[in-house]
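Structure first, commentary second.
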Amino acid sequence: MTPDPSASYDHLVLPHLDAAYSLARWLTGNDSDAQDATQEACLRALKFAGGFRGGNARSWFLKIVRHTTWTWLKRNRGHHEEVEFDEELHGGEDLSTNPETILMRQADINAVRQALESLPPEFREAMILREIEGCSYKEIAEIADVPLGTVMSRLARGRQQLQTLLTAHPQTGGSP
């Protein structure tokens, strides 16, 4: 009896769709492009699901998403990077009812978001995979197809740049 390819695909891809969309969203900068890139990555994963040889399915799929997204960006935007942010997608929800606390927290969220979006793409990618998606250094190396030392360097430099950006322009309640 031959294995059902759709069952393999369901097992490999479906549990990781949220992470895939999140990665594509951070790399493309907007919902519409992220949806297109994620859909294209899902089609590629379906096409190559039979070639999966075991191991970490999340890393395998996110590598496809990463590659597909960068290819999609080159094909559709060239080297121009457009940044748009959807508050509903990435905004945090503060359970506090104190308006001042809510405003201060929103200012902090916006500052971190803007700082992340201003990082060079290779640093932003590593930071998103590690800090938001919770990938291990080894998984990031597999996804980005770079040596482990490069991942460590990108994370260190990304964190340093993020810290510099956040301390150089402290938020004052969200007002310009």
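The values are calculated or read from the model by the stated rules, or taken from the named source; none is laboratory data. This is a predicted model, so every value here is computed, not measured. Counting neighbours? That spans all protein chains shown, and the Cβs are built from the backbone with ideal geometry, glycine included. Remember, those area values only see protein heavy atoms, side chains included, never the ligands or the DNA or RNA. Shrake-Rupley method; radii C 1.70, N 1.55, O 1.52, S 1.80 Å.
Out of (1) surrounded by fewer than 17 Cβ atoms within 10 Å (Cβ to Cβ); (2) under 22 Å from Ala126 (Cβ atoms); (3) among the charged types (D, E, K, R); (4) at pLDDT 85 or above, what's the single condition that is false for Glu81?
Here Glu81 meets the rest and fails (4).
Tell me which residues, restricted to the stretch 21-70, are more than 11 Å from Ile143 (Cβ to Cβ), surrounded by 15 or more Cβ atoms within 10 Å (Cβ to Cβ) and small (Gly, Ala, Ser).
Within the stretch 21-70, Ser22, Ala24, Gly29, Ala34, Ala37, Ala41, Ala45, Ala49, Ala57 qualify.
State yes or no: is Asn110 at negative phi, polar (S, T, N, Q), over 12 Å from the mean Cα position of the chain (by Cα) and at pLDDT 70 or above? I'd like the intermediate steps shown before the answer.
Numbers: at negative phi: yes; polar (S, T, N, Q): yes; over 12 Å from the mean Cα position of the chain (by Cα): yes; at pLDDT 70 or above: yes.
Yes: the conditions hold for Asn110.
Are any residues in the stretch 120-173 at pLDDT 90 or above, open to solvent by 80 Å² or more (accessible area, probe 1.4 Å) and not in a helix (DSSP H, G or I), and if so, which ones?
Asp145, Pro147 - these are the residues of the stretch 120-173 that are at pLDDT 90 or above, open to solvent by 80 Å² or more (accessible area, probe 1.4 Å) and not in a helix (DSSP H, G or I).
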